[in-house]
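One structure is given below, encoded as C-alpha coordinates.
The values are calculated or read from the model by the stated rules, or taken from the named source; none is laboratory data. Values in this document were obtained by computation on a predicted structure and should not be read as measured data. FYI the Cβ positions are ideal-geometry reconstructions off the backbone, even for glycines, and counts take in every protein chain you see. Areas reflect the complete protein model, heavy atoms only, side chains present, ligands, DNA and RNA absent. Shrake-Rupley method; radii C 1.70, N 1.55, O 1.52, S 1.80 Å.
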Amino acid sequence: MILEQITMDDFTAGLDKTRTVIIPFGSVEEHGPHLPLGTDTIHVYEVCKEVSNLIPVFVAPPIFYGVCRSTRNHPGTVGISPASLRALTADLVSDLYRQGLRDFLIISGHASGLQLSCLTEVGEELLLKYTDIRVAVLSIVDLAMDGWQDVIVTRDDSHAGEVETSVMLHLRPQWVGEARPQEWPQFPKHLLVRDKLRYWPGGVWGDASQASKEKGVKLFDLSVNALVHLIQDLDGDSDR
Ligand SMILES: [Zn+2]
(Lines give C-alpha, C1' and ligand atoms only; values in the text may rest on other atoms or scores of the structure.)
Protein backbone atom coordinates (compact mmCIF):
# COMPACT_ATOMS: atom_id res chain seq x y z
CA MET A 1 0.00 0.00 0.00
CA ILE A 2 1.80 3.01 -1.33
CA LEU A 3 0.47 6.02 0.52
CA GLU A 4 0.33 8.46 -2.36
CA GLN A 5 -1.63 5.94 -4.45
CA ILE A 6 -4.34 4.85 -2.00
CA THR A 7 -7.55 6.46 -0.79
CA MET A 8 -8.79 7.27 2.68
CA ASP A 9 -10.89 4.08 2.62
CA ASP A 10 -7.96 1.97 1.40
CA PHE A 11 -5.94 3.31 4.30
CA THR A 12 -8.58 2.36 6.85
CA ALA A 13 -8.95 -1.12 5.35
CA GLY A 14 -5.16 -1.49 5.28
CA LEU A 15 -4.92 -0.95 9.03
CA ASP A 16 -6.85 -4.18 9.50
CA LYS A 17 -4.07 -6.03 7.67
CA THR A 18 -0.96 -4.37 9.07
CA ARG A 19 0.28 -1.64 11.37
CA THR A 20 3.70 -1.55 9.72
CA VAL A 21 4.96 1.32 7.61
CA ILE A 22 8.23 1.68 5.73
CA ILE A 23 9.60 5.20 5.46
CA PRO A 24 12.26 5.38 2.73
CA PHE A 25 14.97 8.03 2.99
CA GLY A 26 17.33 8.99 0.19
CA SER A 27 19.53 11.83 -0.94
CA VAL A 28 20.05 14.29 -3.72
CA GLU A 29 23.76 13.90 -4.24
CA GLU A 30 26.40 13.31 -6.86
CA HIS A 31 26.80 9.73 -7.98
CA GLY A 32 29.79 10.07 -10.28
CA PRO A 33 29.66 11.13 -13.92
CA HIS A 34 27.23 8.37 -14.88
CA LEU A 35 24.41 8.07 -12.31
CA PRO A 36 21.58 10.49 -11.48
CA LEU A 37 21.57 12.62 -8.35
CA GLY A 38 18.48 10.80 -7.12
CA THR A 39 20.06 7.33 -7.22
CA ASP A 40 19.76 6.61 -3.48
CA THR A 41 16.10 7.57 -3.31
CA ILE A 42 15.13 5.75 -6.50
CA HIS A 43 16.94 2.61 -5.34
CA VAL A 44 15.38 2.40 -1.89
CA TYR A 45 11.92 3.48 -2.99
CA GLU A 46 11.72 0.91 -5.79
CA VAL A 47 12.72 -1.83 -3.32
CA CYS A 48 9.99 -0.69 -0.90
CA LYS A 49 7.35 -0.53 -3.64
CA GLU A 50 8.18 -4.06 -4.77
CA VAL A 51 7.94 -5.28 -1.17
CA SER A 52 4.46 -3.77 -0.94
CA ASN A 53 3.46 -5.86 -3.97
CA LEU A 54 4.39 -9.00 -2.03
CA ILE A 55 3.17 -8.48 1.54
CA PRO A 56 0.75 -6.13 3.31
CA VAL A 57 2.73 -3.09 4.39
CA PHE A 58 2.33 0.65 4.09
CA VAL A 59 5.03 2.56 2.22
CA ALA A 60 5.30 6.28 2.91
CA PRO A 61 6.45 8.66 0.15
CA PRO A 62 10.24 8.86 0.12
CA ILE A 63 12.16 11.72 1.70
CA PHE A 64 14.38 12.75 -1.16
CA TYR A 65 16.75 14.99 0.78
CA GLY A 66 19.33 13.67 3.21
CA VAL A 67 22.40 14.67 5.17
CA CYS A 68 25.41 14.63 2.85
CA ARG A 69 28.92 15.15 4.13
CA SER A 70 31.67 13.80 1.88
CA THR A 71 29.85 14.60 -1.38
CA ARG A 72 28.83 18.05 -0.25
CA ASN A 73 31.23 19.98 -2.46
CA HIS A 74 30.52 18.00 -5.61
CA PRO A 75 28.22 19.62 -8.16
CA GLY A 76 24.56 18.77 -7.70
CA THR A 77 24.58 17.61 -4.07
CA VAL A 78 21.72 19.30 -2.22
CA GLY A 79 21.32 18.27 1.40
CA ILE A 80 19.61 19.18 4.63
CA SER A 81 21.05 19.59 8.11
CA PRO A 82 21.05 16.82 10.73
CA ALA A 83 18.63 18.95 12.79
CA SER A 84 16.18 19.16 9.86
CA LEU A 85 16.40 15.43 9.21
CA ARG A 86 15.79 14.63 12.88
CA ALA A 87 12.85 17.03 13.11
CA LEU A 88 11.27 15.78 9.88
CA THR A 89 11.63 12.14 10.88
CA ALA A 90 10.14 12.73 14.32
CA ASP A 91 7.20 14.62 12.79
CA LEU A 92 6.50 11.92 10.22
CA VAL A 93 6.62 9.04 12.69
CA SER A 94 4.44 10.97 15.14
CA ASP A 95 1.80 11.65 12.52
CA LEU A 96 1.88 8.10 11.18
CA TYR A 97 1.44 6.96 14.78
CA ARG A 98 -1.56 9.28 15.14
CA GLN A 99 -3.00 7.55 12.06
CA GLY A 100 -2.67 4.12 13.66
CA LEU A 101 0.72 2.80 12.54
CA ARG A 102 2.83 1.10 15.21
CA ASP A 103 5.83 -0.55 13.55
CA PHE A 104 8.20 1.77 11.69
CA LEU A 105 10.91 0.69 9.28
CA ILE A 106 13.15 3.64 8.62
CA ILE A 107 15.31 2.60 5.70
CA SER A 108 17.88 4.79 4.02
CA GLY A 109 19.10 4.39 0.45
CA HIS A 110 21.81 6.86 1.44
CA ALA A 111 24.21 4.89 3.61
CA SER A 112 26.01 7.86 5.15
CA GLY A 113 27.07 7.38 8.77
CA LEU A 114 25.82 10.80 9.74
CA GLN A 115 22.43 10.21 8.12
CA LEU A 116 22.03 6.88 9.91
CA SER A 117 23.14 8.25 13.25
CA CYS A 118 20.50 11.01 12.97
CA LEU A 119 17.78 8.48 12.15
CA THR A 120 18.90 6.18 14.99
CA GLU A 121 18.93 9.07 17.46
CA VAL A 122 15.34 9.97 16.53
CA GLY A 123 14.31 6.33 16.69
CA GLU A 124 15.58 6.04 20.25
CA GLU A 125 13.71 9.21 21.27
CA LEU A 126 10.50 7.91 19.70
CA LEU A 127 10.79 4.63 21.60
CA LEU A 128 10.72 6.63 24.82
CA LYS A 129 7.86 8.85 23.67
CA TYR A 130 5.56 6.08 22.38
CA THR A 131 5.71 2.93 24.48
CA ASP A 132 3.78 0.71 22.07
CA ILE A 133 5.86 1.15 18.92
CA ARG A 134 8.77 -0.67 17.36
CA VAL A 135 11.35 1.07 15.22
CA ALA A 136 13.99 -0.37 12.89
CA VAL A 137 16.68 1.87 11.41
CA LEU A 138 18.87 0.54 8.65
CA SER A 139 20.47 1.34 5.33
CA ILE A 140 19.89 -0.56 2.13
CA VAL A 141 23.51 -1.71 2.44
CA ASP A 142 22.94 -3.10 5.97
CA LEU A 143 19.87 -4.86 4.67
CA ALA A 144 21.36 -6.94 1.90
CA MET A 145 25.16 -6.71 1.84
CA ASP A 146 25.59 -10.33 2.95
CA GLY A 147 23.75 -11.50 -0.15
CA TRP A 148 25.23 -8.82 -2.40
CA GLN A 149 28.74 -10.09 -1.65
CA ASP A 150 27.94 -13.22 -3.63
CA VAL A 151 26.97 -11.17 -6.69
CA ILE A 152 29.60 -8.45 -6.86
CA VAL A 153 33.35 -8.79 -7.34
CA THR A 154 34.50 -5.37 -6.11
CA ARG A 155 35.75 -5.03 -2.56
CA ASP A 156 34.81 -1.85 -0.74
CA ASP A 157 32.16 -0.79 -3.23
CA SER A 158 29.90 1.78 -1.64
CA HIS A 159 29.02 4.71 -3.86
CA ALA A 160 28.24 4.85 -7.59
CA GLY A 161 30.32 1.71 -8.13
CA GLU A 162 29.41 -1.85 -9.02
CA VAL A 163 26.30 -2.09 -6.83
CA GLU A 164 24.59 1.21 -7.53
CA THR A 165 25.45 1.24 -11.23
CA SER A 166 24.10 -2.30 -11.64
CA VAL A 167 20.90 -1.47 -9.78
CA MET A 168 20.33 1.68 -11.83
CA LEU A 169 20.97 -0.24 -15.07
CA HIS A 170 18.05 -2.39 -13.93
CA LEU A 171 15.76 0.36 -12.61
CA ARG A 172 16.49 3.41 -14.79
CA PRO A 173 18.78 2.41 -17.68
CA GLN A 174 17.74 5.51 -19.59
CA TRP A 175 19.28 7.68 -16.86
CA VAL A 176 22.65 5.93 -16.72
CA GLY A 177 25.52 7.56 -18.62
CA GLU A 178 28.25 5.84 -20.59
CA ALA A 179 31.15 6.34 -18.15
CA ARG A 180 32.21 3.39 -15.96
CA PRO A 181 34.68 4.93 -13.52
CA GLN A 182 36.74 3.20 -10.86
CA GLU A 183 37.83 5.21 -7.85
CA TRP A 184 38.41 4.98 -4.11
CA PRO A 185 38.70 8.16 -2.05
CA GLN A 186 41.94 8.97 -0.31
CA PHE A 187 40.68 10.84 2.75
CA PRO A 188 43.22 11.22 5.57
CA LYS A 189 42.52 9.04 8.59
CA HIS A 190 40.39 10.66 11.31
CA LEU A 191 40.82 14.21 10.03
CA LEU A 192 37.70 16.04 8.83
CA VAL A 193 38.61 17.83 5.63
CA ARG A 194 37.20 21.05 4.26
CA ASP A 195 38.25 20.45 0.65
CA LYS A 196 36.61 17.09 -0.01
CA LEU A 197 37.10 17.26 -3.77
CA ARG A 198 40.85 17.19 -3.28
CA TYR A 199 40.62 13.68 -1.79
CA TRP A 200 37.67 12.42 -3.80
CA PRO A 201 37.59 14.21 -7.16
CA GLY A 202 35.41 11.80 -9.13
CA GLY A 203 32.80 11.09 -6.48
CA VAL A 204 32.89 7.30 -7.01
CA TRP A 205 33.70 4.75 -4.31
CA GLY A 206 34.10 1.40 -6.00
CA ASP A 207 34.25 0.06 -9.54
CA ALA A 208 31.43 0.85 -11.94
CA SER A 209 33.16 -1.06 -14.77
CA GLN A 210 32.06 -4.31 -13.08
CA ALA A 211 28.39 -3.33 -13.22
CA SER A 212 25.73 -5.02 -15.32
CA LYS A 213 21.98 -5.03 -15.63
CA GLU A 214 21.90 -8.74 -14.76
CA LYS A 215 23.71 -8.07 -11.49
CA GLY A 216 21.29 -5.21 -10.88
CA VAL A 217 18.32 -7.57 -11.10
CA LYS A 218 19.94 -9.97 -8.62
CA LEU A 219 20.98 -7.22 -6.18
CA PHE A 220 17.52 -5.69 -6.31
CA ASP A 221 15.79 -9.03 -5.70
CA LEU A 222 18.11 -9.78 -2.77
CA SER A 223 17.15 -6.46 -1.17
CA VAL A 224 13.45 -7.09 -1.72
CA ASN A 225 13.69 -10.56 -0.17
CA ALA A 226 15.70 -9.32 2.78
CA LEU A 227 13.16 -6.58 3.49
CA VAL A 228 10.22 -8.99 3.19
CA HIS A 229 11.92 -11.31 5.69
CA LEU A 230 12.69 -8.49 8.06
CA ILE A 231 9.04 -7.41 8.09
CA GLN A 232 7.80 -10.97 8.49
CA ASP A 233 10.20 -11.49 11.40
CA LEU A 234 8.93 -8.32 13.05
CA ASP A 235 5.32 -9.34 12.47
CA GLY A 236 5.99 -12.75 14.01
CA ASP A 237 7.69 -11.29 17.07
CA SER A 238 5.21 -9.57 19.34
CA ASP A 239 7.85 -8.09 21.67
CA ARG A 240 7.33 -4.33 21.94
ZN1 LIG B 1 24.25 6.14 -3.34
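Only the Cβ atoms of Lys and Arg (+1) and of Asp and Glu (-1) were treated as charged; on that basis the dipole of the chain about its Cα centre amounts to roughly 640 debye.
Using helices alone, I'd like the mean residue ellipticity at 222 nm for the chain: each DSSP H run of four-plus residues gives -39500 (n - 2.57), total over residue count, nearest 500.
Rounded to the nearest 500, the figure is -14000 deg cm²/dmol.
Over the range 1-68, accessible surface divided per residue gives 37 Å², non-protein components excluded, 1.4 Å probe.
Taking the accessible area of the chain, probe 1.4 Å, and keeping the other protein chains in place, the carbon and sulfur fraction comes to 52%.
A simple rule links phi to the HN-Hα coupling: the Karplus curve 6.51 cos²θ - 1.76 cosθ + 1.60 with θ = phi - 60°, which for the range 78-87 gives 10, x, 10, 7, x, 5, 5, 5, 5, 5 Hz, with x for Gly and Pro.
Between Arg172 and Lys189, the contour length at 0.36 nm per residue exceeds the Cα-Cα span by 2.6 nm.
Each DSSP beta bridge with both residues in the chain is either parallel or antiparallel, and the antiparallel ones are about 25%. Checking the cross-link filter: which aspartates and glutamates have an alpha carbon closer than 18 Å to that of Lys213, excluding same-chain neighbours under 8 positions apart? In chain and number order, the partners are Asp40, Glu46, Glu50, Asp150, Asp157, Glu162, Glu164, Glu178, Asp221. Cross-link reach is defined here as a Cα-Cα straight distance under 18 Å, omitting same-chain residues fewer than 8 places apart; for Lys17 the lysines meeting it are Lys49. A straight chain from Lys17 to Ile55 at 0.36 nm per residue would run longer than the Cα-Cα distance by 12.7 nm. Once a ≥ b ≥ c are taken as the square roots of the eigenvalues of the Cα gyration tensor of the chain, is the result rounded (a/c under 1.5), prolate (a/b larger than b/c) or oblate (a/b not larger than b/c)? Prolate shape, in that a/c is at least 1.5 and a/b is the bigger ratio. Taking 0.36 nm per residue of separation and subtracting the current Cα-Cα distance, fully stretching the chain between Leu234 and Val217 would add 3.5 nm.
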